[in-house]
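The values are calculated or read from the model by the stated rules, or taken from the named source; none is laboratory data. These figures come from a predicted structure and were not determined experimentally. Virtual Cβ from ideal backbone geometry, glycine too; neighbours counted across all protein chains shown.
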């Protein structure tokens, strides 16, 4: 066993253990930190497979952005997870059985891809342009249609999430830009002449005919 194989088994073991701790940890913050450890080990495995771009993208996007945002939300909301975890261990055997069946099905589907007699050598021009550029060329040429389909699905999912979480509050105040555009000067200021509600007091007159 060489050093690459030893590192692969090490990162894989830590990844499996940390992934298991994500779903069994009592603290939500600890579960998020275990998930960060899982992402780091997955990035290390991709680095061993010479997929540097995917490895760095996993660390920057998921660890540097998504998980940090998730930790901020968890710490600010202070969600009580005791009620959410009620009955976890009673349903764990069934959930573990379903997870094992899914893993076996995925392994059977992907088994054909690992039975290659030898790896297909990369073209010299691809090796010269680098890993990241080669991935971009293949992604936007051979896999352009699946990429567009995935982009549309993500857009639909984002719009659906916004539509499901958008709620109109009765106490919320807002402005209607269309009414602001159609406003007229006469609607802004209106001069109204009102009759006095209290009569002005009369001024008494002096004997000379003038006013006091």
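Points to keep in mind about this one:
- Of everything listed in (1) surrounded by 13 or more Cβ atoms within 10 Å (Cβ to Cβ); (2) out of contact with any helix residue (DSSP H, G or I) (no Cβ under 7 Å at 6 or more places or on another chain); (3) closer than 25 Å to residue 131 by Cα; (4) at pLDDT below 85, the single unmet condition for residue 23 is (3).
- Breaking point among (1) modelled with pLDDT under 75; (2) within 17 Å of residue 31 (Cα to Cα), for residue 71: (1)
- Filter pass, residue 33 being surrounded by 15 or more Cβ atoms within 10 Å (Cβ to Cβ), out of contact with any helix residue (DSSP H, G or I) (no Cβ under 6 Å at 6 or more places or on another chain) and more than 23 Å from residue 135 (Cβ to Cβ): yes
- Among the residues of region 28-56, those that are part of a loop (DSSP other than H, G, I, E, B) and touching a residue at least 40 places away in the same chain (Cβ under 8 Å) comprise 50, 51.
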